[in-house]
Amino acid sequence: MLEGRTAVVTGGSRGIGRAVVERLCRDGADVVFNYATSEEAAVDVVRGVEAAGGKVRAIRLDLKQPDAPDQLMQAADAHLGGLDILVNNAAMVHSPVPLAETEADVFDSVMAVNTRSVFLTMRYAARHMRDGGRIVNISTMNTVRPVPGIGPYAASKGAIEQLSAVVARELGPRGITVNTVSPGATDTDMLRGANPSQALETVAGMTPLRRLGEPSDVADVIAFLAGPDGRWINGQNLRATGGLA
């Protein structure tokens, strides 16, 4: 379905990002992804994809650094020989804390990874992506179900949603679609590291499907938007929450 197509996935070594890399490779795309620290996990992703006959390359870059997003896009473009798909998945979370107690450097770090890197990778794609491309940005259900203590994280994701809506109109004449996917509670290391197990059980019980999402649940939605069947979906925010939001 994606044979001959190329893709960049940010934060592709674990969780939803890993599931996206594996799904796009399985669909035939040639994929480049970055990781910040999880070298062992990144190597494991590459080995698994290549063992299955897929094409993938991992690049170690921390998107919190100002030049890293452009470095990633330039390296991927050169390696792939052109860009067709961009999935902005990389994200930074912070321990829940009231706004009155939030340090400014926490806000700066979260916005750097979650928002500035998306702006920069999308800007590169706007300049260099081939016509008919796909951009998918990952947000969160917390922009419509806010909870105390996550102000910087929710703000960073809300900015992504608005940026996506604007760029969808800018790039539409070139046949490039831009959409957002907002996962619900998805069973990843990041989710479990930021929430006690009792809270996750409560959220699962609140979800009509009575479980946490799996990374593959979200990856399948992203793959739909990145593939030919998603050609008429543009400027949308798909809430992949199992009905929670």
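The values are calculated or read from the model by the stated rules, or taken from the named source; none is laboratory data. If you're wondering where the values come from, they're calculated on a predicted model, not measured in any experiment. For neighbour counting, all protein chains shown are included, and Cβ atoms are generated from backbone atoms with ideal geometry for every residue, glycine included. For accessibility, only protein heavy atoms count, side chains too; no ligands or nucleic acids. Shrake-Rupley method; radii C 1.70, N 1.55, O 1.52, S 1.80 Å.
General observations
- Restricting the range 213-245 to residues that are in contact with a Gly (Cβ under 8 Å, 6 or more places away or on another chain) and of a type in the set (A, V, I, L, M), the residue that is modelled with the highest pLDDT: A240
- For the range 138-207, the helices (runs of 4 or more DSSP H) that sit wholly inside it and include 3 or more residues that are in contact with a strand residue (DSSP E or B) (Cβ under 9 Å, 6 or more places away or on another chain), of a type outside the set (D, E) and open to solvent by 20 Å² or more (accessible area, probe 1.4 Å) are 151-171.
- Taking the criterion of being open to solvent by 50 Å² or more (accessible area, probe 1.4 Å) and over 21 Å from V167 (Cα atoms), the residues of the range 208-242 that qualify are P208, L209, R210, R211, E214, S216, D217, D220.
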